[in-house]
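Taking it in order: structure first as structure tokens, then the write-up.
The values are calculated or read from the model by the stated rules, or taken from the named source; none is laboratory data. Everything numeric here is computed off the predicted structure, so don't read it as measured data. All Cβ positions, glycine included, derive from the backbone under ideal geometry; neighbour counts span all protein chains shown. Note: areas computed on protein heavy atoms with side chains; ligands, DNA, RNA excluded. Shrake-Rupley method; radii C 1.70, N 1.55, O 1.52, S 1.80 Å.
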Amino acid sequence: MRVALTGFRWPLDPALAEGRDETTLARALYTTPLRTDPATGAVMPGLCTAWKASPDFRDWTFTCSAAPSIAAGLRRLVQLKDAPSRWLFADATGITAESATRLRIQLRFGWRRFPYALTAVAAAPRFVPGPFRLVSGSATRVVVRNSVLTVVFQRLGAYAAVRAFRRGQLDESPVPLGDVVADQENSALRHAVRSRRLLGLDLVLFHGVDAELRQTYWQTADRSDYEQLVPEQDGASAFGLVGAGPGADPARFRKAVHGIPSLPRVLVRIAVPRDPVLHFGARLLYANWRDLGLGPRLVGEGSGADASFRRLLAVYPQEEAIFAELTLGSGVGSRADLVRALAATDQKEDLQRLDDRLRQSAAVVPIAWVVDSRLVSPRLEGWREDVLGNVDYAAVRSRASSRGP
């Protein structure tokens with residue numbers, strides 16, 4: 001089975017894996033302490049088979065194989081300042097292996113759904129065998145194998161991948177930016193198109209801009225063009241971080257536009273990652289804001305920017321994960337409100353309160369929900385993408401091999 005990925009680093013450390021492609025590769029090579037059911041999102045056993053919590057959900061014990069390796073890996077993750085998912089365990093007051101099969105994690109605050117943290121690929125120990133064993137690896141091609149399937153991950157640009165898919169040389173390919181609708185209407189490809197809205201958003205995160213100016217950027221973001229040209233799915237525009245949000249408000253848009261001439265002329269530097277899809281999306285937003293008289297400037301990451309444009313994919317399939325990463329990972333929003341939500345049995349009102357307050361502050365400008373579109377060969381049985389963009393290749397069977405380049 002041959003799979004095209006548009007970008008990944010090699011060698012790959014699961015603690016540093018970032019984005020869908022690197023996470024896909026890491027999950028094929030490493031086993032996480034716990035897993036999630038791709039259909040329901042429920043926690044399932046992985047290296048750990050049982051778990052229990054203290055009454056206040058601050059002290060957790062897990063029954064695991066390789067507990068010392070898991071504990072060492074989690075402590076290492078906390079020490080890696082650049083690890084994207086470091087925030088998951090940064091507030092742990094203790095991570096210990098009390099025996100070869102007993103893992104104990106103590107937290108500063110109660111976290112009712114904490115086992116989900118152990119489903120993140122960053123929690124996978126590096127030296128414990130995963131679903132597949134590595135056959136060979138390079139910056140352009142990684143081959144993994146289990147008892148019934150060999151998977152070849154190839155680094156290809158999106159258009160080169162589609163050409164290879166049409167020749168039968170690939171079993172899975174990303175759909176290039178802007179091609180989803182065309183492929184759905186193409187008689188040769190429509191049967192192969194799989195699109196899934198993920199639990200993740202493209203958003204602008206402000207670091208220190210005046211509140212009134214932030215509100216103007218929030219109200220005037222061109223979500224309509226972005227929806228049509230990037231996710232290419234009706235209803236993908238995001239007006240909140242949970243649920244559908246309040247929707248577009250034409251009156252507030254007009255008021256914001258009318259007030260732009262009275263705002264101070266402030267240059268707002270927005271850092272944009274090197275990802276070509278996000279760079280294209282950022283240019284759309286930039287052009288609209290400039291046309292309205294605002295002063296954005298797109299800059300590279302690490303440039304001391306006033307805001308960041310980024311794609312935030314939840315690390316586990318719960319709505320709380322987005323708020324938790326923003327607050328614990330980026331310092332945005334009320335920590336007290338988040339801690340209350342993490343301990344709650346029913347989080348709906350707490351998460352809505354967090355969302356409302358972030359909207360009022362305009363510290364975060366949600367633009368669109370992430371939609372992942374793939375071309376998948378009918379040769380594959382059991383191929384399924386979950387709400388995080390993960391595919392469990394160990395559950396996939398191929399009726400025949402692709403021809404190869």
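Looking at P125, P129, just one residue is under 19 Å from A28 (Cα atoms) and open to solvent by 20 Å² or more (accessible area, probe 1.4 Å), and that residue is P129. Pairing each residue of segment 245-268 that is free of Cβ contacts under 8 Å to residues at least 40 places away in the same chain with any residue that is surrounded by fewer than 10 Cβ atoms within 10 Å (Cβ to Cβ), provided the two are 6+ apart or on different chains, yields no C-beta distance under 9 Å. Do we find a residue being in contact (Cβ under 8 Å) with a residue 12 or more places away in the chain and closer than 24 Å to A42 by Cβ anywhere in segment 91-98? Yes - at least one qualifying residue is present in segment 91-98. Every listed requirement among (1) charged (D, E, K, R); (2) open to solvent by 40 Å² or more (accessible area, probe 1.4 Å); (3) out of contact with any Phe, Trp or Tyr (no Cβ under 8 Å at 6 or more places or on another chain) is met by K52 save one, (3).
If I ask for residues that are part of a loop (DSSP other than H, G, I, E, B) and surrounded by fewer than 17 Cβ atoms within 10 Å (Cβ to Cβ), which ones from segment 253-281 would you list? Answer for segment 253-281, where residues must be part of a loop (DSSP other than H, G, I, E, B) and surrounded by fewer than 17 Cβ atoms within 10 Å (Cβ to Cβ): L263, P264, R265, V266, L267, R274, D275. Among the residues of segment 139-191, those identified as part of a helix (DSSP H, G or I), of a type outside the set (A, V, I, L, M, F, W, C) and under 19 Å from E232 (Cα atoms) are Y159, D183, Q184, E185, R190, H191. Scan segment 63-72 and give yes if some residue there is part of a loop (DSSP other than H, G, I, E, B) and surrounded by 19 or more Cβ atoms within 10 Å (Cβ to Cβ), otherwise no. Within segment 63-72, one or more residues are part of a loop (DSSP other than H, G, I, E, B) and surrounded by 19 or more Cβ atoms within 10 Å (Cβ to Cβ). Take W369 and decide whether it is closer than 21 Å to Y226 by Cα, open to solvent by 10 Å² or more (accessible area, probe 1.4 Å) and in contact (Cβ under 8 Å) with a residue 40 or more places away in the chain. Considered against the rule, which asks whether it is closer than 21 Å to Y226 by Cα, open to solvent by 10 Å² or more (accessible area, probe 1.4 Å) and in contact (Cβ under 8 Å) with a residue 40 or more places away in the chain, W369 comes out as yes.
The requirement of being aliphatic (A, V, I, L, M), part of a loop (DSSP other than H, G, I, E, B), modelled with pLDDT of 95 or more and within 30 Å of S377 (Cα to Cα) is not satisfied by L25. Scanning segment 87-112 for residues that are of a type in the set (S, T, N, Q), in a strand (DSSP E or B) and under 18 Å from T63 (Cα atoms) returns T96, S99, Q106.
Remark: F8 falls outside the filter, which requires a residue to be at pLDDT 95 or above, open to solvent by less than 20 Å² (accessible area, probe 1.4 Å) and part of a strand (DSSP E or B).
If you go through segment 100-118 and keep only what is touching a Lys or Arg at 6+ places or on another chain (Cβ under 6 Å) and of a type outside the set (A, V, I, L, M), you end up with just G110. Taken over segment 284-316, the criterion of being open to solvent by 20 Å² or more (accessible area, probe 1.4 Å) and under 21 Å from the mean Cα position of the chain (by Cα) is satisfied by G300, E301, G302, S308, R310, R311, L313, V315.
Restricting segment 218-242 to residues that are free of Cβ contacts under 8 Å to residues at least 60 places away in the same chain and in a loop (DSSP other than H, G, I, E, B) leaves a set whose member that is least open to solvent (accessible area, probe 1.4 Å) is G235. Scanning segment 74-86 for residues that are assigned to a helix (DSSP H, G or I) and either touching a Gly at 6+ places or on another chain (Cβ under 8 Å) or open to solvent by 20 Å² or more (accessible area, probe 1.4 Å) (or both) yields R75, R76, V78, Q79, R86. Of all residues in segment 11-22, those satisfying the criterion of being surrounded by 20 or more Cβ atoms within 10 Å (Cβ to Cβ) and not in a loop (DSSP other than H, G, I, E, B) are P14, A15, R20, D21, E22.
One residue stands out in segment 318-339 among those that are among the β-branched types (V, I, T) and in contact (Cβ under 8 Å) with a residue 60 or more places away in the chain: the one that is surrounded by the most Cβ atoms within 10 Å (Cβ to Cβ), namely I322.
Confirm whether A248 is part of a loop (DSSP other than H, G, I, E, B) and surrounded by fewer than 15 Cβ atoms within 10 Å (Cβ to Cβ). Here the answer is yes, as A248 does meet what is asked.
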